[in-house]
Each structure stands twice: as C-alpha cells, then as structure tokens.
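K.L.:
Mind looking over this structure? Questions follow.
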Amino acid sequence: MPSGVDGVGLLVRWLIEGSRGGVTRARILMLLRERPRNAHQLSQELGLNYRTVLHHLEVLARHGLIARLYEGYGAPYALTNLAERHWSVIEDSIRRVGVRL
C-alpha cells in the first residue's frame, strides 16, 4: 500500500478514479459538500437522468460517503462525517479525474 493511503483513501480512489462513473460521483460529492440535495435536484444541476443519479447516490451511500437526512421520497443526501474527515483525499481524487473544484 502506498505510504499515506489508508482504507478510506483506497476506497475513494476506486470510487472516483478507478471505476466507471467516477467523474459523476466526483461531481455529486462536490455539490453535496456545498449543501444537501435530493436526487431530483442533483439530476437537474448535473443534467443527468434521474435514475443515473440514483444509482450513483446508492453507490456512495453503500460505501459510507453520503447518507439521506431522513427517509421518504425527496429526502436530501448529505456528506457523512467520514467524507468530511477525509475531504482532502476526496478532493485529491476529484482533481486527478479532471473535475474542477
């Protein structure tokens, strides 16, 4: 394992740099860092299909980087404490895939 890279760092690199959809996930994380948003708001802001955005939200949530603020239709998503604590690692991966911060 490269020095300075822990399990979260490897996860983030895989989710953003090493897998299909990484650029979309990077853009979602950037928007959620600004403020919580629901899937519809994200799809509108990103110009992407609602189902596509839902898929990426599910991937990010499954890996603990985002969470819904409450249950139900239209519930907003926000970064988790894990994502906030490791934002510098996320930010580095976002830059590596060429998404502007």
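K.L.:
Grab every C-alpha pair in region 62-101, bin the distances at 10 angstrom width from 0 up to the longest one, and report whole percents.
P.N.:
28, 42, 26, 4
K.L.:
Counting Lys and Arg as +1 and Asp and Glu as -1, what is the net charge of the other residues whose Cβ lies under 15 Å from the Cβ of Glu91?
P.N.:
Spelling it out: positives minus negatives among the neighbours equals +4.
K.L.:
Still on this model: I'd like to know which of Val59, Val8, Thr80 lies farthest towards the positive end of the charge dipole of the chain, counting +1 on Cβ of Lys and Arg and -1 on Cβ of Asp and Glu.
P.N.:
With unit charges placed on the Cβ atoms, the residue in question is Val59.
K.L.:
Using Cα-Cα distances under 8 Å and only pairs 6 or more residues apart, what relative contact order does the chain have, in percent?
P.N.:
Over the chain, the number comes to 33 percent.
No lab work stands behind these numbers, since they all come straight from the coordinates. Please read all numbers here as calculations on a predicted model, not as lab measurements. Please note: Cβ atoms are built from the backbone with ideal geometry, for glycine as well, and neighbour counts cover all protein chains shown.
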